[in-house]
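A.B. asks: To start, I am sharing the structure in question, which I have written as structure tokens.
Any read-out appearing in this document is the output of simple, stated calculations on the displayed coordinates, not a laboratory observation. None of these values were measured; they are calculated from a predicted model. Note: ideal-geometry Cβ built from the backbone for every residue, glycine included; neighbour counts use all protein chains shown.
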Amino acid sequence: MNAHAATLRTPQQDRSRATRRRLLEAAVECLAEVGWQGSTVAVVAERAGVTRGAAQHHFPTREDLFTAAVEHVADERLAAVRASAEQLPPAGPGRTEAVVSMIVRLYTGPLFRAALHLWVAAATEEALRERIVALEHHVGRESHRAAVEFLGADEDVPGVRETVQATLDMARGLGLANLLTDDGPRRAGIVRQWAGLLDSALTAPAGPAPDAGRPGC
């Protein structure tokens, strides 16, 4: 009987997970389209195709719903990083440009747009700000760690850590430039140029230690 009950619960659990995901996706879409003020639980529930009662069963308060939406976007962005890594070429010519292109795509796709709208909402809503700041720190750390791994960078070499971070910051800037118009052609040239500079920075021999070769110091 217990096994039978477990079998019956599985489809219900699947439906519950699917409903939760629809609500999270609808919450992000609402923020993107109508902003925080227009993104009520009722509006999100209608967009997700569920009743308000069902929405409140999963997320009792509005803050619960949008905090979970922030976590959902963060998880999806990190999952996109991991998935993209599987498509990278092996070490050798073209690897660095492929890594830079991958990073830039992560900042020009729909997940970055969703995150940006959440940032805007958090700028004026204290209930969201603390959670979003914490999650963005987490996403930033994981993205940096992934970039170091994909580039094969040695952060013990002075300047390499800052160069990797500059790559992420550059990609974020390109993502912002792409919000209003398609910046693809110009972006491709920047990616090629940056990849060349990055290759030079990552393969340059470490400079001498401070005061090396200076007698009596």
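A.B. asks: Which residue, His57, His138, His72, tops the fluctuation ranking in a GNM of the chain built on C-alpha contacts under 10 Å?
C.D. replies: With Cα springs under 10 Å in the chain, the top fluctuation among His57, His138, His72 is at His57.
A.B. asks: Which FRET efficiency, nearest 0.05, do Arg52 and Ala177 yield, Cβ-Cβ r, R0 45 Å?
C.D. replies: 0.70
A.B. asks: Say we join alpha carbon atoms closer than 10 Å with springs in a Gaussian network model of the chain; which of Val50, Val41, Val28 then has the biggest fluctuation?
C.D. replies: Among Val50, Val41, Val28, the largest mean-square fluctuation in the Gaussian network model of the chain belongs to Val50.
A.B. asks: Next question, about the same structure. Using only the Cα atoms of region 107-195, build the gyration tensor, take square roots of its eigenvalues as a ≥ b ≥ c, and label the shape rounded, prolate or oblate: rounded if a/c is under 1.5, else prolate if a/b is larger than b/c, else oblate. Working shown, then result.
C.D. replies: Working: a/c = 2.82, a/b = 1.24, b/c = 2.27.
Oblate, since a/c reaches 1.5 and b/c is not below a/b.
A.B. asks: With charges only on Cβ, +1 for K and R and -1 for D and E, what is the dipole size of region 1-141 about its Cα centre, in debye, rounded to 20? Write out the running numbers ahead of the final one.
C.D. replies: Numbers: 17 positive and 16 negative charges, 76 e Å.
So the magnitude is around 360 debye.
A.B. asks: If the viscosity is 0.692 mPa s and the temperature 37 °C, what Stokes-Einstein diffusion coefficient in µm²/s follows for the chain when Rh is the Kirkwood radius over Cα pairs?
C.D. replies: Values: Rh = 20.0 Å.
Translational diffusion coefficient: 164 µm²/s.
A.B. asks: Run through all the Cα pairs of region 49-155 and give the fraction in each 5 Å bin from 0, expressed as whole percent.
C.D. replies: 2, 11, 19, 18, 16, 13, 9, 6, 4, 2, 1, 0
A.B. asks: Something else now. Where in region 32-124 are there GluC sites (Glu not before Pro) that are in a DSSP coil and have at most 12 other Cβ atoms within 10 angstrom of their Cβ?
C.D. replies: Working: sites: Glu33, Glu46, Glu63, Glu71, Glu76, Glu86, Glu97; in loops: Glu86.
When the GluC sites (Glu not before Pro) of region 32-124 are filtered for loop state and at most 12 Cβ neighbours within 10 Å, Glu86 remain.
A.B. asks: A further question on this structure: Would you look at the GNM of the chain, springs on alpha carbons closer than 10 Å, and say which of Arg47, Arg105, Arg15 moves the most?
C.D. replies: Arg15
A.B. asks: What does the net charge come to around Val191 if you take all other residues with beta carbon closer than 13 Å to its beta carbon, with K and R at +1 and D and E at -1? Could you put the intermediate results ahead of the total?
C.D. replies: Numbers: positive: Arg105, Arg186, Arg187, Arg192; negative: Glu97, Asp183, Asp199.
The answer is +1.
A.B. asks: Here's something else I'd like to know. Hey, how much of the P(r) for region 114-154 falls beyond 16 Å, as a percent of Cα pairs? Please list the in-between numbers first.
C.D. replies: Working: 374 of 820 pairs.
Beyond 16 Å sits 46 percent of the P(r) for region 114-154.
A.B. asks: Continuing with the same structure: Please order Ile132, Ile190 by the number of other Cβ within 10 Å, starting at the fewest. The partial results should precede the final answer.
C.D. replies: Values: Ile132 22, Ile190 17.
Least to most surrounded, the residues fall as Ile190, Ile132.
A.B. asks: Quick one: Met102, Met170, fewest Cβ neighbours within 10 Å first, how do they rank?
C.D. replies: Details: Met102 21, Met170 18.
Ordered by Cβ neighbours within 10 Å, fewest first: Met170, Met102.
A.B. asks: So how strong a dipole does region 69-203 carry about its Cα centre when Lys and Arg Cβ are +1 and Asp and Glu Cβ are -1, to the nearest 20 debye?
C.D. replies: Numbers: 14 positive and 19 negative charges, 73 e Å.
Dipole size: approximately 360 debye.
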